[in-house]
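Derivation of every value follows stated rules applied to the coordinates shown; laboratory data play no part. The structure displayed is predicted, hence computed values, not measured ones. Cβ coordinates were reconstructed from backbone atoms using ideal geometry, including for glycine residues, and neighbour counts include every protein chain displayed.
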Amino acid sequence: MNRLLSRSLVFALALALHAGLALAQTTQAPLRTPDVIYVPTPPEVVAAMLKVAKVGPGDVVYDLGSGDGRIAIAAVKDFGAARSVGIDIDPQRIKEAMVNHAAAGVGDRVRFLNQDLFETNISEATVVTLYLLPSLNLKLIPKLNKELKPGTRIVSHAFDMGDAKPLQTVEVDGRRVFFWTIPIR
């Protein structure tokens, strides 16, 4: 009886250790400290951003600094984009985006990557959305111009790109939306 109890105990401990290791492997530490604090884009601004970019069935939308995933999800669900990809450095935001993804029912047309937006290849994008600080927008210009095809649409909530004059600026409930195309000059 003691031998059977000992075996059961060893088995239970091994199972618990295995489960603990599996949990440790799935819990990801931040890649680095995020450049900005997360502030969600209001739904009416999300809609204005995607509308000014004329998002439609042929588009692949990349949302850089995607937070809870609302822009990437709306691009597919509300504007009919072929696909969208949200990129965020904060694993907590990715978890929130995945919960919203499941609730939205957009299937495999939307995905989220826990990556550094400055290091992720975005070359397949036809539309890029941003809600970053002006300094980050400026830092992104060389990447955007290098990786994206001419004519790719760029939309930013609230912040411009310094001397790069937007092709269009829209005001939505006191918030600004800026629009450019590649190349950004």
*What number comes out for the charge environment of Ala125, summing +1 per Lys or Arg and -1 per Asp or Glu over other residues with Cβ under 11 Å away?*
-1
_Going by amide H atoms built from the backbone, whose H comes under 5 Å of the H on Val172, apart from near neighbours?_
Val177
_Relative pair counts by distance (%), Cα atoms of region 98-143, 5 Å bins_ = 5, 14, 23, 23, 18, 11, 6, 0
*Take the eigenvalues of the Cα gyration tensor for region 102-185, scale each by 5, and report the square roots as semi-axes in whole Å, largest first.*
22, 18, 13
*asked:* I'd like the FRET efficiency for Lys54 and Phe118, computed as 1/(1 + (r/R0)^6) with the beta carbon distance as r and R0 of 25 Å, rounded to 0.05.
replied: 0.40
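Stokes-Einstein diffusion coefficient for region 43-181 at 37 °C in a medium of 0.692 mPa s, Rh from the Kirkwood formula over Cα pairs: what value in µm²/s?
The diffusion coefficient I find is 224 µm²/s.
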*Computed FRET value (nearest 0.05) for Ala103 with Val170, which takes r as the C-beta separation and R₀ as 45 Å*: 0.95
